[in-house]
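What follows is a single structure, written as structure tokens, with notes after it.
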Ligand code: VTB
């Protein structure tokens with residue numbers, strides 16, 4: 001055998017075993033196909049359950065000792081993939097898992113763009129254990145100086161700073177914002193700058209990821225409040241692709257502060273950067289359920305099923321796109 005090959009083969013890799021990168025693709029593919037069968041049926045719960053079942057069965061084949069830290073909810077409210085559930089074959093590295101088998105259940109039920117199956121894996125203890133509360137978020141793609149935008153600055157200032165850094169006029173910036181009554185003032189303030197807004201019904205994990213490739217997606221910045229678990233997933237993706245996110249948990253009642261404290265959050269006002277939500281070596285995968293700006297949705301053919309996945313690894317920042325044609329249809 002070539003000595004170079006054998007030397008490399010026996011050299012332990014830093015962080016997570018890179019073979020997991022490819023294994024992870026199966027996890028989101030499986031969840032996406034299961035959810036996609038229920039696209040456009042108006043039944044959020046059924047689509048979500050199908051995605052959960054699909055994702056769980058593939059996760060349990062991975063050579064890991066995994067613990068779900070961002071999942072479907074607390075043990076008493078989620079029968080599967082609850083926070084604390086152990087997944088994997090029970091052998092291999094100890095890892096933390098953040099997942100959303102169907103990010104955008106309503107999008108899927110209505111068959112609208114950008115529903116995803118999403119998972120991230122990091123070394124044990126590396127993911128923020130975020131409670132299921134809202135998080136204020138601001139995110140931009142790679143290539144900008146640190147903190148060019150600021151979670152606490154007025155929207156007009158952030159848009160102006162971003163336009164300047166990008167070298168374009170404010171009117172050429174597009175902000176992605178969740179279409180919610182709570183964002184009325186934010187939307188007004190961004191519109192007043194002359195920037196465009198892409199209003200999305202759900203799916204702010206995709207919204208944040210879309211900032212990493214504005215030429216393709218047309219989105220430069222994500223602003224607004226969405227789920228904290230979704231914030232951690234988006235942070236994991238940005239750790240791998242590049243880009244910046246700032247997030248602060250919205251702990252607006254003593255009950256939420258106490259719940260967060262129980263999960264280890266001592267400072268309820270802390271602003272988290274990507275590397276504070278997802279530390280160390282991180283792997284991330286997302287498969288399109290419905291057609292979207294970055295990923296195609298699942299396509300059901302007569303003899304095959306097609307899926308489109310991005311899979312990312314923070315230590316090398318490799319972005320892989322995997323278009324798969326599955327012919328072993330019994331598996332799905
Ligand atoms: C967002 C969105 C998700 O939750 O995080 C949103 O990205 C936040 O909650 O797809 P509200 O719907 O209450 O605004 C989701 O819609 C998932 O539930």
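No value in this document is a laboratory result; all are computed from the given coordinates. The model shown is predicted, which means the values in this text are computed figures rather than measured ones. All Cβ positions, even for glycine, are placed from backbone atoms using ideal geometry, and neighbour counts span all protein chains on display.
Rounded to the nearest 10 degrees, the angle from helix 155-166 to the longest Cα principal axis of the chain is 70 degrees. Please state the shape class of the stretch 38-193: rounded when a/c is under 1.5, otherwise prolate if a/b exceeds b/c and oblate if not, all from the C-alpha gyration tensor. Because a/c hits 1.5 or more and a/b exceeds b/c, the stretch 38-193 counts as prolate.
Residues considered: 318, 217, 287. Largest GNM mean-square fluctuation over the chain, using C-alpha springs under 10 Å, is found at 318.
Net length available on complete extension from residue 156 to residue 330 is 57.4 nm, with 0.36 nm assigned per residue and the Cα-Cα distance removed.
Looking at the stretch 65-214, send over the antiparallel percent of its DSSP beta bridges, to the nearest 5. Percent antiparallel among DSSP bridges in the stretch 65-214 is about 45. Anisotropy class assigned to the stretch 175-245 is oblate, per the alpha carbon gyration tensor with a/c at or over the 1.5 cut-off and a/b no larger than b/c.
Across the stretch 26-129, Cα pairs under 8 Å and at least six residues apart give a relative contact order of 31 percent.
Summed over all non-identical Cα pairs, the Kirkwood treatment of the chain gives a radius of 20.1 Å. Take every Cα pair under 8 Å whose residues are at least 6 apart in sequence, average their separation, divide by the length of the stretch 134-277, and the relative contact order is 32 percent. Pick from 231, 143, 201: which residue has the top mean-square fluctuation in a GNM of the chain where Cα pairs under 10 Å get a spring? For the chain, modelled as a Gaussian network with Cα springs under 10 Å, the answer is 143. Under 19 Å from a label point set 7 Å out along the Cα-to-Cβ vector of residue 266, the amide N atoms of the stretch 119-154 belong to 125-131.
Taking the centroid of alpha carbons for each part, the stretch 12-61 and the stretch 286-315 are 11 Å apart. Between helix 184-193 and the chain there is an angle of about 70 degrees, using the helix long axis and the longest principal axis of the Cα atoms. Per q in 0.18, 0.20, 0.21, 0.23 1/Å, what log10 I(q)/I(0) does a Debye calculation on the alpha-carbon atoms of the stretch 115-198 return? Listed by q, the Debye log ratios stand at -0.91, -1.03, -1.08, -1.17. Put in line by how crowded their Cβ is, counting other Cβ atoms within 10 Å and starting with the fewest, 152, 291 read 152, 291. For the chain, the 222 nm mean residue ellipticity estimated from helices alone, with every DSSP H stretch of n ≥ 4 adding -39500 (n - 2.57) and the total spread over all residues, rounds to -9500 deg cm²/dmol.
Here the contact order of the chain, divided by its residue count and restricted to Cα pairs under 8 Å and six or more residues apart, works out to 20 percent. When each of the peptides 104-112, 176-184 is scored by how many other beta carbons lie within 10 Å of its residues on average, the order from highest to lowest is 104-112, 176-184.
DSSP beta bridges confined to the chain are antiparallel in about 80 percent of cases.
Count the DSSP beta bridges whose two residues both fall in the stretch 134-277, then state the antiparallel fraction as a percent rounded to the nearest 5. Bridges in the stretch 134-277 that DSSP calls antiparallel: roughly 70 percent. Quick one: what does P(r) look like for the stretch 134-277 with 10 Å bins over all Cα pairs, in whole %? For the stretch 134-277, the binned pair fractions read 12, 45, 33, 9, 1 percent.
According to a simple spin-label model (label point 7 Å from Cα along Cα-to-Cβ), what is the distance in nm between residue 304 and residue 172? The answer from the label model is 4.0 nm. Taking the C-alpha atoms only, the angle from helix 19-36 to the longest principal axis of the chain is near 70 degrees. Looking only at 225, 304, 57, which one moves most when the chain is put into a Gaussian network model with springs between Cα atoms under 10 Å? Comparing 225, 304, 57 in the GNM, the peak value goes to 304.
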